[in-house]
Amino acid sequence: MAEIIHVDIAAFAVAVERVVHPELRRRPVVVAPVGPSRSVVTAISAEAWEAGVRKGMILARALRRCRDLIVLPPTSRSTRGHRARFAGFCKIFLRCWSRRATATPTLT
């Protein structure tokens with residue numbers, strides 16, 4: 001029997017930015033490229049969700065739904081660094097787990 005571990009951090013970029021910038025806590029935040037007319041929201045905070053913003057929504061529509069929405073760029077320096085650290089943690093965890101499991105661990 002295969003053992004599967006699935007880690008899904010839907011708002012990882014928002015969570016990282018809130019650690020780096022505590023003033024973003026308890027405020028509606030999304031991650032989306034600013035500029036293109038059809039930019040799409042890629043990550044959202046719980047506060048943005050409560051205001052009716054959804055992942056995959058066109059940014060212009062999200063801004064109409066939530067007037068005080070804070071838009072962050074998708075590839076900030078802090079997010080890249082934390083994503084790499086988290087991936088390293090997952091690889092260590094998977095190596096430890098694979099000693100117990102018969103399958104080869106993968107990280108995608």
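Is it fair to say Thr104 is outside any helix (DSSP H, G or I), surrounded by fewer than 14 Cβ atoms within 10 Å (Cβ to Cβ) and at pLDDT below 70?
On the way: outside any helix (DSSP H, G or I): yes; surrounded by fewer than 14 Cβ atoms within 10 Å (Cβ to Cβ): yes; at pLDDT below 70: yes.
Yes.
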Test: residue in segment 57-68 that is within 14 Å of the chain's Cα centre (by Cα) and at pLDDT 85 or above: no
Please count how many residues of segment 41-84 are in a loop (DSSP other than H, G, I, E, B), of a type outside the set (A, V, I, L, M, F, W, C), within 17 Å of His21 (Cα to Cα) and in contact with a helix residue (DSSP H, G or I) (Cβ under 6 Å, 6 or more places away or on another chain). 1
For segment 52-88, enumerate the residues that are buried (at least 17 other Cβ atoms within 10 Å of the Cβ) and of a type in the set (Gly, Ala, Ser). Ala62
I'd like the residue in segment 1-40 that is among the acidic types (Asp, Glu) and either in a helix (DSSP H, G or I) or closer than 22 Å to Leu63 by Cα (or both) and, out of all such residues, is modelled with the lowest pLDDT. Glu17
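The values are calculated or read from the model by the stated rules, or taken from the named source; none is laboratory data. Source: prediction; values computed, not measured. Backbone-built Cβ (ideal geometry, glycine too); neighbour counts: all protein chains shown.
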